[in-house]
Amino acid sequence: MAIRPLTSLRISSFLVMLGALLVGGCVHRKTQPEPVDILTVLAKRLPGGSPSAQRKAMVDTIRAELRALAPRADTPAFETALTIVSAIPREEFVREDRRSAAYVDLPQDIGYGQTISDPYVVAIMTAALDLPMGANVLDVGTGSGYQAAVLARIAKRVSSIEIVPPLATSASERLRRLGFANVDVRTGDGFLGWPEFAPFDGIIVAASASDVPAPLLAQLKPGGKLVMPIGLSDSSTQLLRFTKNADGSVAQCSLGAALFVPLTGARARPFARYGLFDRSIPLCFGAPIVGIL
């Protein structure tokens, strides 16, 4: 997951979260209090009405937050991503017992130690690719399939890899049921990419690592972009955008600090125990648009 910096639009939600934690943790009881479930607390604050109305309200908030953080990041690609997010039923991609919180703009657990990213970050990562219509895209870390579904509304083909077999199976079935016929999901090690369908116009990796897997850069088209959280340690990762130049060299910029589940598989290099945040990498839009609370 990645959590963006606090803006005035998020202060009230943050205070609700903090208040719930303090009440749950400070009230004196003879018995152990029930743990506070933040998603449930925030779900009760969602606007009433249909899921589509809740999606619209969430998207309006996301747009306003981004404009407050970095107006330069409000690109046509970001508006395209938001239009897609506003049309895709996220409740289909979360656990059934969490559907009431589908439009709380936070990550959710989907089992097997994995999460579905919050819609803000999904929109940011999608927009950062700046895909042409009809693109060929690789999605590493399928999860429940939400990111792949968003990409599928732009791309001609989305190849999505998930290392956890039950998640790959359920995501594939879900995407087919919802009509995303241009998404192929397979179980595998995302480190290796999907060379049979390369080269790719864009690659999204929803898992962090200490460096970008070489096979993924090799499968990226010249001019293509790869978005992935990278850092020396798992606590110093930042969401980076890599652009492959015509001569094969790679330029990079940062979208801000981000915490994601780590990339797994036999070839993934372990993080260092300690590592500093690399501040030498230039910001893509002059200010961070994701960050750590």
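Give me the percent of the accessible area of the chain that comes from carbon and sulfur atoms, probe 1.4 Å, all protein chains in place.
Heavy-atom surface of the chain belonging to carbon and sulfur, 1.4 Å probe: 58 percent.
Roughly speaking, what is the stretch gain from Glu79 to Lys44, that is 0.36 nm per residue apart minus the C-alpha to C-alpha distance, in nm to one decimal?
Between Glu79 and Lys44, full extension yields 9.8 nm more.
Among Phe197, Phe242, Phe180, determine the one that fluctuates most according to a GNM of the chain built with springs between C-alpha atoms less than 10 Å apart.
Of the options given, Phe197 has the highest mean-square fluctuation.
Suppose R0 equals 45 Å; then what is the FRET efficiency for Met133 and Tyr274 from their Cβ-Cβ distance, rounded to the nearest 0.05?
In this case the efficiency is close to 0.55.
Could you work out how far helix 119-129 tilts from the main Cα principal axis of the chain, as a 0 to 90 degree angle to the nearest 10?
It is inclined by approximately 20 degrees.
If R0 is 45 Å, what FRET efficiency do you get for Ala287 and Arg177 from their C-beta distance, rounded to 0.05?
0.70
I need two numbers for the chain: Rg to one decimal and Dmax as a whole number, Cα atoms only, in Å.
According to the Cα coordinates of the chain, Rg and Dmax are 18.7, 68 Å.
Looking only at the chain, where both bridge partners belong to it, what percent of the DSSP beta bridges are antiparallel (to the nearest 5)? Walk me through the intermediate numbers first.
Values: 17 of 39 bridges.
Around 45 percent antiparallel, to the nearest 5.
Under 10 Å, Cα contacts only: if you run a Gaussian network model on the chain, which one of Asn245, Asn182, Asn136 comes out with the highest mean-square fluctuation?
Asn245
What is the calculated FRET efficiency for Asp109 to Asn245, with r their C-beta to C-beta distance and R₀ = 41 Å, to the nearest 0.05?
FRET efficiency, Asp109 to Asn245: 0.60.
Taking the dipole about the Cα centre of the chain, with the C-beta of Lys and Arg at +1 and of Asp and Glu at -1, give me whichever of Ser233, Ile110, Gly193 is farthest to the positive side.
Ile110
Please give the calculated 222 nm ellipticity per residue for the chain, where each DSSP H segment of at least 4 residues contributes -39500 (n - 2.57) and the sum is spread over every residue; nearest 500 deg cm²/dmol?
Result for the chain: -9500 deg cm²/dmol, rounded to the nearest 500.
Rounded to the nearest whole Å², what accessible area per residue is found for the stretch 176-285 with the 1.4 Å probe? List each step's numbers first, then the result.
On the way: 5150 Å² over 110 residues.
Accessible surface, normalised per residue, equals 47 Å².
Between Ser233, Ser249, Ser52, find the one with the highest GNM mean-square fluctuation for the chain; connect C-alpha pairs within less than 10 Å.
In the Gaussian network model the winner is Ser249.
Within straight cross-link reach of Lys56, meaning Cα distance under 22 Å, which lysines are found once same-chain residues fewer than 8 apart are removed?
Cα-Cα hits under 22 Å: Lys44.
The values are calculated or read from the model by the stated rules, or taken from the named source; none is laboratory data. Given the structure is predicted, the values throughout are model-derived calculations rather than measurements. Neighbour counts run over all protein chains shown; Cβ positions are idealised from the backbone, glycine included. With ligands, DNA and RNA removed, areas are computed over all heavy atoms of the protein, side chains included. Shrake-Rupley method; radii C 1.70, N 1.55, O 1.52, S 1.80 Å.
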